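Written out below as C-alpha coordinates is the structure these notes cover.
The values are calculated or read from the model by the stated rules, or taken from the named source; none is laboratory data. Everything numeric in this text was worked out from a predicted model, so none of it was measured. Cβ placement follows ideal geometry from the backbone for every residue including glycine, while neighbour counts extend to all protein chains displayed.
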(Lines give C-alpha, C1' and ligand atoms only; values in the text may rest on other atoms or scores of the structure.)
Protein backbone atom coordinates (compact mmCIF):
# COMPACT_ATOMS: atom_id res chain seq x y z
CA UNK A 1 0.00 0.00 0.00
CA UNK A 2 1.34 3.40 -0.95
CA UNK A 3 2.15 6.22 1.46
CA UNK A 4 -0.48 8.97 1.35
CA UNK A 5 -0.31 12.68 2.15
CA UNK A 6 -2.96 15.40 2.17
CA UNK A 7 -2.68 17.48 -1.02
CA UNK A 8 -3.67 20.61 0.95
CA UNK A 9 -1.42 20.53 4.04
CA UNK A 10 0.95 17.61 3.48
CA UNK A 11 -0.22 15.65 6.52
CA UNK A 12 0.55 11.92 6.34
CA UNK A 13 -2.65 9.94 5.83
CA UNK A 14 -3.78 6.34 6.04
CA UNK A 15 -5.51 4.52 3.21
CA UNK A 16 -8.81 4.61 5.13
CA UNK A 17 -8.95 8.36 5.88
CA UNK A 18 -12.05 10.24 4.68
CA UNK A 19 -11.03 13.50 6.39
CA UNK A 20 -7.57 14.98 6.90
CA UNK A 21 -6.85 14.91 10.62
CA UNK A 22 -4.80 18.10 10.33
CA UNK A 23 -6.66 20.52 8.05
CA UNK A 24 -10.09 18.75 7.99
CA UNK A 25 -10.19 18.60 4.21
CA UNK A 26 -12.72 16.01 2.94
CA UNK A 27 -10.92 13.12 1.27
CA UNK A 28 -11.85 10.34 -1.10
CA UNK A 29 -9.88 7.44 -2.50
CA UNK A 30 -9.65 7.20 -6.29
CA UNK A 31 -9.04 3.66 -7.53
CA UNK A 32 -8.18 4.99 -10.99
CA UNK A 33 -5.42 7.21 -9.59
CA UNK A 34 -4.61 4.95 -6.63
CA UNK A 35 -4.44 7.98 -4.36
CA UNK A 36 -6.41 10.03 -1.84
CA UNK A 37 -7.86 13.21 -3.31
CA UNK A 38 -9.46 16.23 -1.75
CA UNK A 39 -13.09 16.70 -2.69
CA UNK A 40 -13.69 20.21 -4.01
CA UNK A 41 -9.97 20.79 -4.56
CA UNK A 42 -7.14 19.06 -6.37
CA UNK A 43 -9.31 18.57 -9.44
CA UNK A 44 -12.07 16.54 -7.76
CA UNK A 45 -15.28 18.35 -8.68
CA UNK A 46 -17.94 17.81 -5.94
CA UNK A 47 -20.62 18.04 -8.62
CA UNK A 48 -19.03 15.07 -10.40
CA UNK A 49 -17.80 12.86 -7.54
CA UNK A 50 -18.89 12.08 -4.02
CA UNK A 51 -18.11 9.53 -1.35
CA UNK A 52 -19.52 6.00 -1.53
CA UNK A 53 -22.98 5.35 -0.07
CA UNK A 54 -21.27 2.96 2.36
CA UNK A 55 -19.27 5.79 3.96
CA UNK A 56 -20.96 5.31 7.33
CA UNK A 57 -22.15 1.70 7.34
CA UNK A 58 -18.86 0.28 5.99
CA UNK A 59 -16.53 3.22 6.68
CA UNK A 60 -15.84 3.33 2.93
CA UNK A 61 -13.92 6.40 1.76
CA UNK A 62 -13.87 5.66 -1.98
CA UNK A 63 -15.00 8.15 -4.62
CA UNK A 64 -18.03 7.45 -6.81
CA UNK A 65 -19.02 9.32 -10.00
CA UNK A 66 -22.34 11.11 -9.54
CA UNK A 67 -25.15 9.99 -11.83
CA UNK A 68 -23.36 6.93 -13.20
CA UNK A 69 -24.79 3.62 -11.95
CA UNK A 70 -25.27 3.10 -8.24
CA UNK A 71 -23.93 5.17 -5.40
CA UNK A 72 -21.56 2.38 -4.43
CA UNK A 73 -17.86 2.30 -5.26
CA UNK A 74 -16.03 -0.36 -7.27
CA UNK A 75 -15.39 -2.46 -4.18
CA UNK A 76 -18.77 -2.14 -2.45
CA UNK A 77 -20.65 -2.96 -5.67
CA UNK A 78 -19.10 -6.43 -5.56
CA UNK A 79 -20.85 -7.25 -2.28
CA UNK A 80 -23.99 -9.20 -3.09
CA UNK A 81 -25.23 -9.92 0.44
CA UNK A 82 -24.61 -8.09 3.71
CA UNK A 83 -26.21 -7.94 7.18
CA UNK A 84 -29.52 -6.13 7.62
CA UNK A 85 -29.32 -2.59 8.97
CA UNK A 86 -30.74 -3.66 12.34
CA UNK A 87 -27.98 -6.16 13.12
CA UNK A 88 -25.70 -3.72 14.91
CA UNK A 89 -23.10 -6.25 16.05
CA UNK A 90 -22.76 -7.76 12.60
CA UNK A 91 -22.46 -4.35 10.94
CA UNK A 92 -19.24 -3.67 12.84
CA UNK A 93 -17.79 -6.93 11.53
CA UNK A 94 -19.16 -6.07 8.08
CA UNK A 95 -17.24 -2.78 8.11
CA UNK A 96 -14.05 -4.62 9.06
CA UNK A 97 -14.58 -7.11 6.24
CA UNK A 98 -15.22 -4.36 3.71
CA UNK A 99 -12.03 -2.58 4.79
CA UNK A 100 -10.05 -5.77 4.15
CA UNK A 101 -11.82 -6.27 0.81
CA UNK A 102 -10.91 -2.76 -0.33
CA UNK A 103 -7.23 -3.55 0.25
CA UNK A 104 -7.68 -6.72 -1.78
CA UNK A 105 -9.30 -4.87 -4.69
CA UNK A 106 -6.51 -2.29 -4.77
CA UNK A 107 -3.84 -4.98 -4.93
CA UNK A 108 -5.64 -6.91 -7.66
CA UNK A 109 -5.91 -3.68 -9.65
CA UNK A 110 -2.22 -2.91 -9.11
CA UNK A 111 -1.31 -6.38 -10.38
CA UNK A 112 -3.48 -5.92 -13.47
CA UNK A 113 -5.76 -8.86 -12.64
CA UNK A 114 -9.23 -8.63 -14.23
CA UNK A 115 -12.14 -7.91 -11.88
CA UNK A 116 -15.43 -8.80 -13.57
CA UNK A 117 -18.54 -8.41 -11.44
CA UNK A 118 -21.81 -10.31 -11.50
CA UNK A 119 -23.43 -7.51 -13.49
CA UNK A 120 -21.14 -8.20 -16.46
CA UNK A 121 -20.95 -11.98 -15.98
CA UNK A 122 -24.07 -13.28 -14.16
CA UNK A 123 -22.81 -16.87 -14.15
CA UNK A 124 -19.16 -16.58 -13.08
CA UNK A 125 -18.61 -12.93 -12.20
CA UNK A 126 -17.02 -11.97 -8.88
CA UNK A 127 -19.35 -11.34 -5.93
CA UNK A 128 -19.13 -11.44 -2.15
CA UNK A 129 -21.68 -12.80 0.31
CA UNK A 130 -20.75 -11.42 3.73
CA UNK A 131 -22.80 -13.41 6.23
CA UNK A 132 -22.62 -14.08 9.95
CA UNK A 133 -22.63 -17.49 11.60
CA UNK A 134 -24.25 -15.91 14.66
CA UNK A 135 -27.59 -16.35 12.93
CA UNK A 136 -27.07 -19.15 10.41
CA UNK A 137 -24.43 -21.70 9.41
CA UNK A 138 -21.81 -20.02 7.23
CA UNK A 139 -18.86 -21.67 5.54
CA UNK A 140 -16.16 -19.38 4.17
CA UNK A 141 -15.39 -20.46 0.63
CA UNK A 142 -15.71 -19.89 -3.12
CA UNK A 143 -18.15 -21.21 -5.69
CA UNK A 144 -18.41 -20.07 -9.32
CA UNK A 145 -17.17 -16.57 -8.61
CA UNK A 146 -19.04 -16.03 -5.34
CA UNK A 147 -16.85 -15.66 -2.26
CA UNK A 148 -18.62 -16.28 1.04
CA UNK A 149 -17.07 -14.95 4.24
CA UNK A 150 -18.19 -15.55 7.80
CA UNK A 151 -18.37 -12.11 9.41
CA UNK A 152 -17.91 -13.65 12.83
CA UNK A 153 -14.24 -13.83 11.82
CA UNK A 154 -14.18 -10.06 12.29
CA UNK A 155 -14.39 -10.62 16.03
CA UNK A 156 -10.85 -10.94 17.38
CA UNK A 157 -11.73 -13.40 20.15
CA UNK A 158 -13.72 -15.68 17.84
CA UNK A 159 -11.04 -15.63 15.16
CA UNK A 160 -8.22 -16.28 17.63
CA UNK A 161 -10.15 -19.19 19.14
CA UNK A 162 -10.47 -20.73 15.68
CA UNK A 163 -6.81 -20.09 14.90
CA UNK A 164 -5.69 -21.90 18.05
CA UNK A 165 -8.12 -24.79 17.66
CA UNK A 166 -6.98 -25.35 14.07
CA UNK A 167 -3.28 -24.94 14.98
CA UNK A 168 -2.82 -22.14 12.48
CA UNK A 169 0.07 -19.66 12.79
CA UNK A 170 -1.93 -16.90 11.08
CA UNK A 171 -5.60 -16.05 10.54
CA UNK A 172 -7.01 -12.70 9.34
CA UNK A 173 -9.92 -11.39 7.29
CA UNK A 174 -7.52 -10.19 4.60
CA UNK A 175 -5.89 -13.60 4.54
CA UNK A 176 -9.28 -15.24 3.95
CA UNK A 177 -10.03 -12.87 1.08
CA UNK A 178 -6.65 -13.49 -0.52
CA UNK A 179 -7.07 -17.26 -0.25
CA UNK A 180 -10.58 -17.31 -1.71
CA UNK A 181 -9.70 -14.92 -4.53
CA UNK A 182 -7.03 -17.45 -5.47
CA UNK A 183 -9.79 -19.97 -6.13
CA UNK A 184 -11.60 -17.36 -8.23
CA UNK A 185 -8.56 -16.73 -10.43
CA UNK A 186 -7.59 -20.37 -10.95
CA UNK A 187 -9.80 -20.96 -14.02
CA UNK A 188 -8.83 -17.54 -15.40
CA UNK A 189 -5.08 -17.99 -15.06
CA UNK A 190 -4.55 -21.75 -15.47
CA UNK A 191 -6.49 -22.45 -18.65
CA UNK A 192 -4.04 -22.88 -21.53
CA UNK A 193 -2.58 -26.41 -21.82
CA UNK A 194 1.00 -25.37 -21.06
CA UNK A 195 -0.04 -23.63 -17.84
CA UNK A 196 -2.23 -26.55 -16.79
CA UNK A 197 0.53 -29.05 -17.43
CA UNK A 198 2.94 -27.02 -15.34
CA UNK A 199 0.30 -26.65 -12.63
CA UNK A 200 -0.11 -30.43 -12.40
CA UNK A 201 3.63 -30.87 -12.17
CA UNK A 202 3.88 -28.40 -9.29
CA UNK A 203 0.61 -28.74 -7.38
CA UNK A 204 -0.82 -32.09 -8.47
CA UNK A 205 -3.98 -33.20 -10.26
CA UNK A 206 -6.74 -30.58 -9.68
CA UNK A 207 -9.39 -33.20 -10.52
CA UNK A 208 -8.69 -35.32 -7.42
CA UNK A 209 -11.96 -35.85 -5.53
CA UNK A 210 -12.26 -32.83 -3.26
CA UNK A 211 -14.65 -34.27 -0.69
CA UNK A 212 -12.49 -37.35 -0.14
CA UNK A 213 -9.41 -35.15 0.17
CA UNK A 214 -11.20 -32.95 2.70
CA UNK A 215 -12.29 -35.91 4.83
CA UNK A 216 -8.82 -37.43 4.71
CA UNK A 217 -7.21 -34.15 5.75
CA UNK A 218 -9.41 -33.69 8.81
CA UNK A 219 -9.19 -37.38 9.73
CA UNK A 220 -5.41 -37.81 9.47
CA UNK A 221 -3.97 -34.30 9.21
CA UNK A 222 -1.07 -33.18 7.05
CA UNK A 223 1.47 -35.82 5.99
CA UNK A 224 4.84 -36.00 7.70
CA UNK A 225 7.40 -33.64 6.19
CA UNK A 226 4.82 -31.36 4.60
CA UNK A 227 6.90 -28.31 5.57
CA UNK A 228 9.37 -29.10 2.77
CA UNK A 229 6.77 -28.90 -0.01
CA UNK A 230 3.84 -26.74 1.15
CA UNK A 231 3.38 -23.26 2.57
CA UNK A 232 0.88 -24.47 5.18
CA UNK A 233 -0.56 -27.73 6.48
CA UNK A 234 -3.94 -26.85 4.93
CA UNK A 235 -2.25 -26.58 1.53
CA UNK A 236 -1.58 -30.34 1.67
CA UNK A 237 -5.30 -31.11 1.59
CA UNK A 238 -5.87 -30.76 -2.18
CA UNK A 239 -4.05 -29.19 -5.16
CA UNK A 240 -6.77 -26.51 -5.33
CA UNK A 241 -6.07 -25.53 -1.73
CA UNK A 242 -2.32 -25.61 -2.31
CA UNK A 243 -2.83 -23.17 -5.19
CA UNK A 244 -5.10 -20.88 -3.15
CA UNK A 245 -2.79 -20.88 -0.11
CA UNK A 246 0.27 -20.15 -2.23
CA UNK A 247 -1.64 -17.49 -4.18
CA UNK A 248 -2.58 -15.78 -0.91
CA UNK A 249 1.04 -15.75 0.23
CA UNK A 250 2.13 -14.24 -3.07
CA UNK A 251 -0.37 -11.43 -2.46
CA UNK A 252 0.88 -11.06 1.13
CA UNK A 253 4.43 -10.66 -0.10
CA UNK A 254 3.73 -8.25 -2.95
CA UNK A 255 1.56 -5.92 -0.88
CA UNK A 256 3.92 -5.90 2.10
CA UNK A 257 6.89 -5.14 -0.17
CA UNK A 258 4.94 -2.34 -1.84
CA UNK A 259 4.16 -0.81 1.55
CA UNK A 260 7.73 -1.22 2.78
CA UNK A 261 9.04 0.46 -0.37
CA UNK A 262 6.67 3.40 0.15
CA UNK A 263 8.38 4.02 3.51
CA UNK A 264 11.92 3.48 2.22
CA UNK A 265 12.45 0.12 3.92
CA UNK A 266 13.24 -1.71 0.66
CA UNK A 267 14.25 -0.53 -2.83
CA UNK A 268 11.72 1.32 -4.98
CA UNK A 269 11.73 -1.69 -7.31
CA UNK A 270 9.49 -3.45 -4.80
CA UNK A 271 6.53 -1.20 -5.62
CA UNK A 272 3.64 -2.15 -7.88
CA UNK A 273 4.27 0.82 -10.17
CA UNK A 274 7.99 -0.01 -10.59
CA UNK A 275 8.02 -3.81 -10.42
CA UNK A 276 10.97 -6.00 -11.40
CA UNK A 277 10.62 -7.29 -14.94
CA UNK A 278 11.98 -10.12 -17.02
CA UNK A 279 13.12 -13.66 -16.12
CA UNK A 280 14.82 -12.52 -12.91
CA UNK A 281 11.81 -10.58 -11.57
CA UNK A 282 10.54 -13.22 -9.17
CA UNK A 283 14.03 -13.87 -7.82
CA UNK A 284 14.40 -10.15 -7.12
CA UNK A 285 11.07 -10.11 -5.29
CA UNK A 286 12.14 -12.98 -3.01
CA UNK A 287 15.59 -11.47 -2.48
CA UNK A 288 13.86 -8.36 -1.13
CA UNK A 289 11.26 -10.29 0.83
CA UNK A 290 13.43 -12.66 2.86
CA UNK A 291 15.50 -10.03 4.73
CA UNK A 292 12.43 -7.80 5.16
CA UNK A 293 10.27 -10.55 6.67
CA UNK A 294 13.12 -11.63 8.95
CA UNK A 295 13.66 -8.09 10.21
CA UNK A 296 9.92 -7.52 10.73
CA UNK A 297 9.68 -10.77 12.68
CA UNK A 298 12.53 -9.60 14.91
CA UNK A 299 10.83 -6.21 15.44
CA UNK A 300 7.61 -7.99 16.45
CA UNK A 301 9.53 -10.15 18.92
CA UNK A 302 11.10 -7.01 20.37
CA UNK A 303 7.59 -5.79 21.14
CA UNK A 304 6.53 -9.13 22.61
CA UNK A 305 4.34 -10.03 19.62
CA UNK A 306 4.31 -13.20 17.51
CA UNK A 307 6.18 -13.17 14.21
CA UNK A 308 4.60 -10.96 11.57
CA UNK A 309 5.20 -13.63 8.92
CA UNK A 310 5.40 -17.00 10.72
CA UNK A 311 6.08 -19.07 7.61
CA UNK A 312 9.02 -20.73 5.88
CA UNK A 313 9.33 -20.72 2.09
CA UNK A 314 11.22 -23.87 1.00
CA UNK A 315 12.40 -24.31 -2.57
CA UNK A 316 9.31 -26.30 -3.63
CA UNK A 317 6.98 -23.53 -2.41
CA UNK A 318 9.05 -20.87 -4.15
CA UNK A 319 8.72 -22.75 -7.44
CA UNK A 320 4.94 -22.83 -7.02
CA UNK A 321 4.97 -19.14 -6.22
CA UNK A 322 7.15 -18.45 -9.25
CA UNK A 323 4.51 -20.12 -11.40
CA UNK A 324 1.83 -17.90 -9.84
CA UNK A 325 3.97 -14.83 -10.50
CA UNK A 326 4.37 -15.91 -14.12
CA UNK A 327 0.67 -16.45 -14.85
CA UNK A 328 -0.33 -13.21 -13.08
CA UNK A 329 2.29 -11.25 -15.02
CA UNK A 330 1.13 -12.87 -18.24
CA UNK A 331 -2.50 -11.93 -17.56
CA UNK A 332 -1.62 -8.27 -17.06
CA UNK A 333 0.62 -7.95 -20.10
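Within the range 187-199, can you find the residues that are surrounded by fewer than 19 Cβ atoms within 10 Å (Cβ to Cβ) and in contact with a helix residue (DSSP H, G or I) (Cβ under 8 Å, 6 or more places away or on another chain)? Within the range 187-199, 188, 195, 198 meet the criteria. Can you pull out every residue in the range 10-29 that is buried (at least 16 other Cβ atoms within 10 Å of the Cβ) and either in a strand (DSSP E or B) or in contact with a helix residue (DSSP H, G or I) (Cβ under 9 Å, 6 or more places away or on another chain) (or both)? Selection gives 13, 15, 26, 27, 28, 29.
In this structure, residue 127 does not qualify as touching a strand residue (DSSP E or B) at 6+ places or on another chain (Cβ under 9 Å), surrounded by 17 or more Cβ atoms within 10 Å (Cβ to Cβ) and assigned by the TED database to the domain that holds residue 17. So, residue 7, is that one exposed (fewer than 15 other Cβ atoms within 10 Å of the Cβ), at pLDDT below 90 and not assigned by the TED database to the domain that holds residue 150 or not? It is false that residue 7 is exposed (fewer than 15 other Cβ atoms within 10 Å of the Cβ), at pLDDT below 90 and not assigned by the TED database to the domain that holds residue 150. Please verify whether the range 243-256 includes one or more residues that are under 21 Å from residue 169 (Cα atoms) and over 14 Å from the mean Cα position of the chain (by Cα). Yes; the residues of the range 243-256 include at least one that is under 21 Å from residue 169 (Cα atoms) and over 14 Å from the mean Cα position of the chain (by Cα).
Taking the range 149-167 as the range and being surrounded by fewer than 16 Cβ atoms within 10 Å (Cβ to Cβ), within 19 Å of residue 308 (Cα to Cα) and at pLDDT 80 or above as the test, the residues that pass are 156, 157, 160, 161, 162, 163, 164. Scanning the range 222-235 for residues that are more than 21 Å from the chain's Cα centre (by Cα) and either closer than 18 Å to residue 183 by Cβ or without any contact (Cβ under 8 Å) to a residue 60 or more places away in the chain (or both) yields a count of 5.
Mind counting the residues in the range 75-111 that are touching a residue at least 24 places away in the same chain (Cβ under 8 Å) and within 16 Å of residue 57 (Cα to Cα)?
Residues that pass the stated criteria total 25.
Scanning the range 30-52 for residues that are under 22 Å from residue 108 (Cβ atoms) and part of a loop (DSSP other than H, G, I, E, B) yields 31, 32, 33, 34, 52. Considering the range 53-73, the residues that are in contact (Cβ under 8 Å) with a residue 24 or more places away in the chain and surrounded by fewer than 19 Cβ atoms within 10 Å (Cβ to Cβ) include one that is nearest to the chain's Cα centre (by Cα), namely 59.
Among the numbered conditions (1) at positive phi; (2) surrounded by 12 or more Cβ atoms within 10 Å (Cβ to Cβ), the only one that residue 183 does not meet is (1).
Here residue 107 meets each of (1) at pLDDT 95 or above; (2) in a strand (DSSP E or B) with one exception, condition (2).
State which residue is surrounded by the fewest Cβ atoms within 10 Å (Cβ to Cβ) when the search covers only the range 75-91 and only residues that are at pLDDT 95 or above and not in a strand (DSSP E or B).
Of everything passing the filter in the range 75-91, 77 is surrounded by the fewest Cβ atoms within 10 Å (Cβ to Cβ).
Say whether the condition of being on the phi > 0 side of the Ramachandran plot and under 23 Å from the mean Cα position of the chain (by Cα) is met by at least one residue in the range 268-284. No: the range 268-284 contains no residue that is on the phi > 0 side of the Ramachandran plot and under 23 Å from the mean Cα position of the chain (by Cα).
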